[in-house]
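**Q** Could you have a look at this structure, given as C-alpha cells, before my questions?
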Amino acid sequence: MIIKPKGTVDIIDEEARIWKYVEELIDSMMEKYNYNYIRTPIFEASELFHRGIGNTSDIVTKETYDFKDRGDRSLTLRPEGTAGVVRSFIENKMYGTHNLPVKVYYNGTMYRYERPQLGRNRELTQFGVEVLGSRDPMMDAEVISLSYNLMKMLGLNDVVIHINSLGDKESRDNYREALKNYFEPYLDQLCEDCKNRFHKNPLRIIDCKVDSSKEFFKKAPSILDYLNKESKDYLDKVLEYLDILEVKYVVDDKIVRGLDYYNHTVFEIMGEDGKLALGAGGRYDNLVKDLGGPDTPCVGFAMGLDRLVLTLRERDIKLPLKDNAEIFVMYINEEEKKYAIYIANELRMAGFRVETEYTARNLKSQFKRADYFNSSYLIILNSDDLNEGLVTIKNNKTKEEEKIMLEYLIYYFDEHLDDDEHSESEENHE
C-alpha cells in the first residue's frame, strides 16, 4: 500500500468542511477590505528565497526544499508567500501600472522540511496579505486589525495582538551593538544556533525558544530603549490607530520575527495565554528594493490554516457549516430514475444542494441515506404521480407531506428553504 509522505495530511470529512468554511470566509472578508487575490508559483528560483527571506533565517538554513531541475537550475519549493508576491510585483511592474498601494492576498501551500508535529507539517497552507506602496502607519493598523477581526469572526474571541517595533536602520544598528555587548560574556552558555546568530544576526537571539528561560536572557536589552524619535513616533501612531479600531494588543519587546526583512512594526496573533501564535507579520520597507525593484514600502502578515483549523476543532467552536444535502430525491424504478436525474440537475442549477440515489438501494435504505446527509426535504417520486405531473415533498423535520406540480418545484424550495434557513439563524442567534 502506498501511503502519504511524512509531514503531509489528508483533509477529509468534517475537517474539510471547516477548511472550506474558513477559506470562503477569508475570500468574503478580503472582498470587503478590497484586497485582490494573487497566485504565485509553488516553486521559484532558489535565489529569491535565499536573498528575500535572508540567509540567517531558520527557514533558509534548515527548512527549504531545494532541488535542481533537468536544466540544472536551482529551484526551491516556496516556504512562505511574501517573497513570491514581491517578485511578482517587480516582474509585472505593478508599481507602474497600478494605483498604489497594491493590496493583495494569497492562500496556498508552502513547504518546509522540519520535524512534523501537531499543527505543523512539511506541507502547510498559509493565508496572507501584502500591501505594497504605503508607508502610512494607518496601513499597519489596517493589516493588524484585519487579522484580528478574522479571528473574532471565527469565534476566537480571546486573541491578543503582541506588537513590537524593530525601528529604522539606525535604531536596529544601535540595538544590534547593544545585544552583542550584552551577550558576549554569556556566549558559551548560548545554544549552537544562537552562537551563530551572535555573529550574523544578533536580533534573532531574542527569538530563541531554547535559551529564553535562562536568567541572564531575561535581562537582555530591550529594543524599545533603542528606538530613535522617528521610530517611537511611528509605533505610537500605529498603536493610536489600533485603539481607534478597538484591537486588543500588548506591546511585547520579545517579538522580533524569524525573517530578516522586517523593520518597524512586527506583531504576532496570540491566544490570551500568550502560548499559541496563530499568525504573524509586520513591515518590510526594503525587500522590494533588495530584490531589484524600486524603493517600495510594504506591510503584511501570514497565518497557517493548519494550525488555525486545529485550534477551532480543539475549542469545539460551532461554525455554520454547510454539511447537508438540502434535498434528497428518491425513486424506485428505471422510469422514476430518469425523472430523478432531471430534477436533481434542475435544482442544482437553481442553486440548491441536492443528493439522489446511485446504487439501487430500496426505499427504506434511501430514507436512511437522506438522514445521513441531514436532508431538510425529500422528493419521493412514484410513477402514478409523475404521470399526472406531480411529486411528493416530505419535510424531513416535521414529517409533513404534500403533493405539488413538478413545474413548481424550484418556486417551492425558493420559498421554503429560505424560510427554514431564516428560522435556524434566529434560533442560533437566540
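The values are calculated or read from the model by the stated rules, or taken from the named source; none is laboratory data. Bear in mind that the values here come from a model prediction, so they are computed numbers and not experimental data. Counting neighbours? That spans all protein chains shown, and the Cβs are built from the backbone with ideal geometry, glycine included. When the accessible area is computed, the model is the full protein with side chains, heavy atoms only, and any ligands, DNA or RNA have been set aside. Shrake-Rupley method; radii C 1.70, N 1.55, O 1.52, S 1.80 Å.
**Q** Taking only protein heavy atoms and a 1.4 Å probe, what accessible area per residue, in Å², does the chain have with all protein chains in place?
**A** Using a 1.4 Å probe on heavy atoms only, each residue of the chain averages 53 Å².
**Q** If you don't mind, there's one more thing I want to ask. What list of ³J(HN,Hα) values in whole Hz, one per residue of segment 31-40 in order, does the Karplus curve 6.51 cos²θ - 1.76 cosθ + 1.60 (θ = phi - 60°) give from phi, with Gly and Pro shown as x?
**A** Once θ is set to phi - 60°, the couplings for segment 31-40 become 4, 5, 8, 6, 9, 9, 6, 10, 10, 10 Hz.
**Q** Would you mind counting up the charge near Lys4? Only other residues with Cβ under 10 Å from its Cβ, with Lys and Arg at +1 and Asp and Glu at -1.
**A** Taking every Cβ under 10 Å from that of Lys4, the sum is -1.
**Q** Might you report the magnitude of the Cβ-based charge dipole of the chain about its Cα centre, with Lys and Arg at +1 and Asp and Glu at -1, to the nearest 20 debye?
**A** Using only the charged Cβ atoms, the result is roughly 2160 debye.
**Q** Among Val22, Val85, Val250, which one shows the highest mean-square fluctuation when the chain is modelled as a Gaussian network with alpha-carbon springs under 10 Å?
**A** Its mean-square fluctuation being the largest, the pick is Val250.
**Q** For a Förster distance of 35 Å, can you work out the FRET efficiency between the beta-carbons of Val250 and Ile2, rounded to the nearest 0.05?
**A** Result of the calculation: an efficiency of 0.15.
**Q** Over the chain, what lengths in whole Å, largest first, do the semi-axes of the equivalent ellipsoid take, defined as the square roots of 5 times the eigenvalues of the alpha-carbon gyration tensor?
**A** Semi-axes, largest first: 53, 23, 21 Å.
**Q** Another one. Using the Kirkwood formula over every pair of different C-alpha atoms, what hydrodynamic radius in Å results for segment 119-235?
**A** 17.0 Å
**Q** If each DSSP helix of 4+ residues adds -39,500 (n - 2.57) and the sum is divided by the residues in the chain, what number results at 222 nm, nearest 500 deg cm²/dmol?
**A** -12000 deg cm²/dmol
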